[in-house]
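J.: Got a structure for you, questions after.
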Amino acid sequence: MSKFENIINSETPVLIDFHAVWCGPCKTLAPIIKEVKGNFGEKLTILKVDIDKNQSIASKLGIKGVPTLVLYQNGKQLWRQSGVIPASQLTAIIKQHID
């Protein structure tokens, strides 16, 4: 858990993708996340967290469904949403919070 906390406490914004191997919508979201990463490069860290392998983190953060995206910067949650979201919309949301 301390490694996770170090990551979300970063000055660089961190987009966390809570997902599961068995989740169909999570598979749909994967290329969207990749596209968004390409839009931001080094200005955004993306962390994929498998909720089945990291149940304590998912539980602590109240993750009830997948996919759930959470944006952190300096340890503060800036935004959170469950479900699939288009790359253009996700890019706009991230820009709104970090620019």
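The values are calculated or read from the model by the stated rules, or taken from the named source; none is laboratory data. Model, not experiment: these values are computed from the prediction. Cβ sites come from the backbone with ideal geometry, for glycine too, and all protein chains shown count toward neighbours.
J.: Which number in (1) closer than 15 Å to A87 by Cβ; (2) modelled with pLDDT under 95 marks the one condition that I33 misses?
T.: If we test I33 against (1) closer than 15 Å to A87 by Cβ; (2) modelled with pLDDT under 95, just (2) comes out false.
J.: Let me spell it out: the conditions are (1) among the aliphatic types (A, V, I, L, M); (2) surrounded by fewer than 17 Cβ atoms within 10 Å (Cβ to Cβ); (3) not in a helix (DSSP H, G or I), and A92 meets all of them except one. Which number is the exception?
T.: Condition not satisfied by A92: (3).
J.: Just give me the residues in the stretch 73-89 being part of a strand (DSSP E or B) and under 17 Å from S10 (Cα atoms), in sequence order.
T.: First pass over the stretch 73-89, keeping only residues part of a strand (DSSP E or B): 73, 76-82.
Within the stretch 73-89, Q73, K76, Q77, L78, W79 qualify.
J.: Between V21, V66, V84, which is surrounded by fewer than 17 Cβ atoms within 10 Å (Cβ to Cβ), among the aliphatic types (A, V, I, L, M) and within 23 Å of K3 (Cβ to Cβ)?
T.: V21
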